[in-house]
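See below for the structure under consideration.
The values are calculated or read from the model by the stated rules, or taken from the named source; none is laboratory data. It should be emphasised that the depicted structure is a prediction, and the values quoted were computed from it without experimental measurement. Cβ coordinates were reconstructed from backbone atoms using ideal geometry, including for glycine residues, and neighbour counts include every protein chain displayed.
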Amino acid sequence: MALIQTLCTSSGPGSAELAASWSSAFGIVEAHVWGDTTDYMFENFASQVGAAYPNTLVVELDTMEIRYLAAGGPTLSESAINQILAEEADPCAE
């Protein structure tokens with residue numbers, strides 16, 4: 001499972017520098033923070049969650065399925081993470 005937060009700016013795409021500064025400013029260490037450098041996430045997915053940033057995604061790495069996508073910080077995704085962890089044991093964890 002991967003916890004990812006994506007960012008852009010009100011005037012266009014995000015950047016690696018923006019992601020690094022956001023991660024540092026808010027002490028985000030348990031999630032990947034990405035700058036949406038092409039506005040792909042904004043254009044294709046953010047409209048489903050109110051078109052606001054940051055967006056937080058929980059991705060099940062075995063299937064690459066997005067299991068959670070919502071506007072807001074990573075702490076809001078705790079219930080989705082707990083649900084994945086409570087499901088049948090991951091075959092890769094053996």
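One residue is enough: does segment 70-85 have a residue meeting the conditions farther than 21 Å from residue 27 by Cα, at pLDDT 75 or above and of a type in the set (Ser, Thr, Tyr)?
No: segment 70-85 contains no residue that is farther than 21 Å from residue 27 by Cα, at pLDDT 75 or above and of a type in the set (Ser, Thr, Tyr).
Say whether the condition of being in contact with a strand residue (DSSP E or B) (Cβ under 6 Å, 6 or more places away or on another chain) and at pLDDT 80 or above is met by at least one residue in segment 38-52.
Within segment 38-52, not a single residue is in contact with a strand residue (DSSP E or B) (Cβ under 6 Å, 6 or more places away or on another chain) and at pLDDT 80 or above.
Across segment 53-65, which residue is modelled with the highest pLDDT among those that are of a type outside the set (Phe, Trp, Tyr) and crowded, with 19+ Cβ neighbours inside 10 Å?
58
Can you tell me which of 25, 19 is part of a helix (DSSP H, G or I), at pLDDT 80 or above and either in contact with a His (Cβ under 6 Å, 6 or more places away or on another chain) or surrounded by 19 or more Cβ atoms within 10 Å (Cβ to Cβ) (or both)?
Every option except 19 fails the conditions.
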